[in-house]
Amino acid sequence: PNFSRVQKLLYSRPMQPSQIAKLSRTVETATANGDQIAIHILMQAGRELAMGAAALFRRLDCSADCVVSYYGAILQQCPLVLETFRKELEILVPAITIKAPMFDALHGAYLLAKSTINIQKQEIETP
């Protein structure tokens, strides 16, 4: 693609998630072909995701050992983004253990809701 055209597309109006997904596939293909700019883009995406996660852990005061997982198309479909995310997050939050997701997002939401309901139920039943 013509860089000027892509640049105009990116900055002229907000992009829909589906458009971003298509663009990320193009960047992933360019990465597989050794394009250094594409590699840099995906590594930067991994770094920024790690910085966001690290900020959240600081806010939650996760100073002790913490086990976390991740979810999202970019992390699941772009190995370079995931690898960079993992490495950066382990540097930023040394006490963290990162595990691959065991379930999809819907199942995870169900488990969280169920856990919350059980906690509330125990609080109600406790004299």
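Here's the yes/no breakdown for (1) in contact (Cβ under 8 Å) with a residue 24 or more places away in the chain; (2) not charged (D, E, K, R):
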position	(1), (2)
V6	no, yes
M15	no, yes
Q19	no, yes
G34	no, yes
A38	no, yes
E48	no, no
M51	yes, yes
V68	yes, yes
G72	no, yes
Here is a list of conditions, (1) open to solvent by 40 Å² or more (accessible area, probe 1.4 Å); (2) on the phi < 0 side of the Ramachandran plot, and A38 meets all of them except one; can you say which number that is? (1)
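Given the condition among the β-branched types (V, I, T), part of a helix (DSSP H, G or I) and open to solvent by less than 90 Å² (accessible area, probe 1.4 Å), answer yes or no: does some residue in the stretch 59-68 qualify?
No, the conditions are met nowhere in the stretch 59-68.
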Among the residues of the stretch 96-113, write down those that are in a helix (DSSP H, G or I) and open to solvent by 100 Å² or more (accessible area, probe 1.4 Å). L106, Y110, L112
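The values are calculated or read from the model by the stated rules, or taken from the named source; none is laboratory data. Note that the structure is a prediction, hence the values are computed from the model and not measured. So basically every Cβ, Gly included, is an ideal-geometry build from the backbone, and we count neighbours across all protein chains shown. SASA here: full protein model, heavy atoms, side chains in, ligands and nucleic acids out. Shrake-Rupley method; radii C 1.70, N 1.55, O 1.52, S 1.80 Å.
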